Amino acid sequence: MSSPLDPYTDPNTGFLRNKLGITDSDELDRAEVFWTAALHRIGLTTTETPAVTTTSATTPAPPTAEVRAWARANGMAVPDRGRLRPEIHQAWRDAHPG
């Protein structure tokens, strides 16, 4: 779980808190990419923050629902709603190259 001092995660689940009030998981993913990239551009990130990963313009990102269903089918624990952990997305990309 997360540290009780981390204001961005729920102490009971370890999931990121939705501070933007966004209810659509794909929209939340887009907002996270946008704001993370903005922080990188102005230099307000630390070395511990993972870099924003982008996919090829010819390879669109899969819908979150598709990744969530794939993860469950492969025995991974994922929440019913909200953002998926980066390692879930990476596992999906590893299993679906190209």
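The values are calculated or read from the model by the stated rules, or taken from the named source; none is laboratory data. This is a predicted model, so every value here is computed, not measured. Every residue, glycine as well, gets a Cβ built from its backbone with ideal geometry; the counts of neighbours run over all protein chains shown.
For region 83-98, which positions are in a loop (DSSP other than H, G, I, E, B) and either among the basic types (Lys, Arg) or crowded, with 16+ Cβ neighbours inside 10 Å (or both)?
Selection gives Arg83, Leu84, Arg85.
Is there any pair with a first residue in region 23-46 that is touching a residue at least 40 places away in the same chain (Cβ under 8 Å) and a second that is outside any loop (DSSP other than H, G, I, E, B) and surrounded by 12 or more Cβ atoms within 10 Å (Cβ to Cβ) whose Cβ atoms are under 8 Å apart and which are 6 or more apart or on different chains, and what are they?
Matching pairs, first to second residue: Ser25/Thr64; Asp29/Thr64.
What's the total number of residues in region 62-82 that are modelled with pLDDT of 85 or more, of a type outside the set (A, V, I, L, M, F, W, C) and either in a loop (DSSP other than H, G, I, E, B) or loosely packed, with under 11 Cβ neighbours inside 10 Å (or both)?
Number satisfying all stated conditions: 7.
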